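S.K.: My structure is below; once you've seen it, I'll send some questions.
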């Protein structure tokens, strides 16, 4: 599954971890993470996300490697937190 959806409330959601890390590294606000599948679903503010998603899909996305790596680790940590919280319920 590799989806990006635009919601009526102007949020973007994706289950693509690499895209989510790219958006986070570009400074797009991560609103929340929900448990779903292997990595979860990432919800972003749509202020600038759509233009960045188009660059990512077209293969024109550029981001500083350390920023991407840090964002990737941060998202993995958030997914683990969501899994831990849902496991306690």
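S.K.: Per residue of the chain, what 222 nm ellipticity follows from adding -39500 (n - 2.57) for every DSSP H run with n ≥ 4, rounded to the nearest 500?
M.R.: Using -39500 (n - 2.57) per qualifying helix, the result is -15500 deg cm²/dmol.
S.K.: Something else about it: Determine the gain in length on full extension of the stretch residue 76-residue 30; use 0.36 nm per residue of separation and subtract their C-alpha separation, reporting nm with one decimal.
M.R.: Contour length minus Cα-Cα distance gives 15.2 nm.
S.K.: Which residue fluctuates most in the GNM of the chain (Cα springs below 10 Å): 61, 71, 49?
M.R.: Among 61, 71, 49, the largest GNM mean-square fluctuation belongs to 61.
S.K.: Something else now. Scan (i) 7.3; (ii) 8.1; (iii) 5.8 for the value of mean projected area of the Cα convex hull in nm² calculated from this model and give just the label.
M.R.: Matching the structure shown: (iii).
S.K.: Note down the nm distance, to one decimal, between modelled labels 7 Å out along Cα→Cβ at residue 60 and at residue 17.
M.R.: That separation, rounded to one decimal, is 2.9 nm.
Read-outs: derived from the displayed coordinates by stated rules, not from any lab. Being a predicted model, the structure only gives us computed values, none of them experimental. Counting neighbours? That spans all protein chains shown, and the Cβs are built from the backbone with ideal geometry, glycine included.
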